[in-house]
Every structure is written in structure tokens, then in C-alpha cells.
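Notes for the one structure printed next.
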Amino acid sequence: MENQIQKKPRILCLHGFRTSAAILQKLVLRWPENVLEKLDLVFLDAPFPARGKSDVEGIFDPPYYEWFQANKDFTEYSNFGECLAYIENYMIEHGPFDGLLGFSQGAILAAALPGMQKDGVCLTKVPNIKFLIIISGAKLGGSKFGLPKLAANAFSSPVQCPSLHFIGETDFLKEEGIGLLESFVNPVVIHHIKGHTVPRIDEKGLEKMLGFIQMVPSQ
């Protein structure tokens, strides 16, 4: 009987720019219990303390962190390689992980990781990422964000791993999120009426989410 109990997929969750693991956890834990009970969620703080003002000041308490830095027009990046090494070390020490969940900067990063892993430039010492949950994401090398050198081949071929994308009607990254879909094979999409946030899940979204969880592989 025990062998028939499906193991929960273990997911490493990457928060948004100048926020934190605790903030993302608060937002994700508003999801329905019948979603949360099926997932083993691990929330990680980014490696760098925020180097400027956070958009969530006054809404959520500090400290705030960021995954990497970029210039104003997102053509030059710093600490991108250090960020990848930090994530890999965490996955080695605390894994194995089945999939990634990312919001905003964390989603931009998560979306590029399977392609970079396939290219052999990161996550070479951990199992392949099996699926992604992308919330308010965008594509490195898309219309808004340039490509860091390490991510040069991240989207050179379609990303094969299953992916679930949340796209907000009033999100300032909506167009970039839609553009990102073209880089994935058979992406599953949940549209919501909110903006740049982790949305609550309505009945229609719940059906898609539960269907996605059912089909994703776990260890």
C-alpha cells in the first residue's frame, strides 16, 4: 500500500527582486490546501542583500535579497555566475529537487536554468530539473532583458521540461511572460486578473494546477 503513495514533488522556490524567501512563502501559502498538500516546497533567500530600495517596503518586512544585478537597460549583468553556483551548492546540500518555482526575478532565472543545465554551464552536479512553475516571468534574451553570457544558449532549442506559467492581466511583464511561452514545449498557462504578484488561484486555475501537478515527475 505504501508503495502506491505518490511522493510529493520537491520544489525549490526562488523569490522576486529585493524580496525574500519568507515573503514568497507567505504569498504561496494562500494557495488552496489541496494544492499545497501535494507539494514539498522549499524557499531559498537569494545570495545578495538588496542594494537599493525594495518595492515591497512598508508591505512586507525586511530583510530583502536579490539574485543578481544588472544595469538600467538590462544589457550587462553582474554576479550571475555567483548566483548559479549558490543555487547549485544549495541543491547539492539540501536536494534532490524535482522542480523549480520562481516569481519575477526568480522566475526569469528559473526559466533559463533547464537550458543552461542542458548546455552544461550550471547545475552539472545535480539531477536534471524536471518541471517549472513560472509566476510573472520573462525571457533572458527577450524583448526586455539581455542575455548574460552564461545563458547564451539557454533558449537555443525549445525547453522540453513541463512548465506552468502564471500570467497577470495587468502585470507590467505580461508581454514578456507571453513571449516566454514560445520557448517551451506545450506550456500550461493560468491567466489571472491581477498584476505583478503571486495570485490566489480560482476554480479554473485550480483545475489546471492540479492537472499539472498530477503529470509532473518526482524522485
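Observations on the structure shown:
- Relative contact order, whole percent, for the range 21-69 stands at 38, derived from Cα pairs under 8 Å and 6 or more residues apart.
- The mean sequence distance of close C-alpha pairs (under 8 Å, at least 6 residues apart), as a share of the length of the range 20-150, puts its relative contact order at 22 percent.
- Dipole magnitude for the chain: computed about the Cα centre from +1 point charges on Lys and Arg Cβ and -1 point charges on Asp and Glu Cβ, it is near 140 debye.
- Value of relative contact order over the range 134-219, rounded to a whole percent, pairs C-alpha under 8 Å and six or more apart: 32
- For the range 121-131, 3J(HN,Hα) per residue [Karplus equation, 6.51 cos²θ - 1.76 cosθ + 1.60, θ = phi - 60°, Hz, x = Gly/Pro]: 9, 7, 6, 7, 9, 10, x, 4, 5, 9, 6
- Spin-label pair A152-H191: with each label point 7 Å from Cα along the Cα-Cβ axis, the two points sit 3.8 nm from one another.
- Simple rule: put +1 on each Lys or Arg Cβ and -1 on each Asp or Glu Cβ in the chain, find the dipole, and look at F68, F43, V216; the Cα lying farthest toward the positive end is V216.
- Global form of the range 35-143, assessed from the alpha-carbon gyration tensor, a/c cut-off 1.5: oblate
- Between the amide H of I133 and those of L100, L101, G102, L164, distances stay under 5 Å, these residues lying 5 or more places away or on another chain, with hydrogens modeled in the peptide plane.
- 23 Å Cα-Cα threshold exceeded, pairs from K26/K118; K72/K125; K144/K194; K130/K208; K118/K204: K26/K118; K72/K125; K118/K204
- Remark: the range 155-160, residue by residue, has Karplus-estimated 3J(HN,Hα) of 10, 5, 9, x, 6, 7 Hz, where x stands for each Gly or Pro and the curve is 6.51 cos²θ - 1.76 cosθ + 1.60 at θ = phi - 60°.
- Proximity of backbone amide H atoms, modeled 1.01 Å from N, is registered between E66 and R18, F48, A50 at under 5 Å, excluding neighbours fewer than 5 places apart on the same chain.
- Per-residue ellipticity at 222 nm, computed for the chain from helices alone with -39500 (n - 2.57) per DSSP H run of at least four residues, works out to -8500 deg cm²/dmol.
- Cα→Cβ-extended label distance, 7 Å offset, between E169 and A22, nm: 3.4
- Dipole magnitude (debye, nearest 20) for the range 1-93, charges at Cβ of Lys, Arg, Asp, Glu: 200
Where a number appears in this text, it was derived from the coordinates with a stated rule and is not lab data. Since we're looking at a predicted model, the values are computed, not measured. Every residue, glycine as well, gets a Cβ built from its backbone with ideal geometry; the counts of neighbours run over all protein chains shown.
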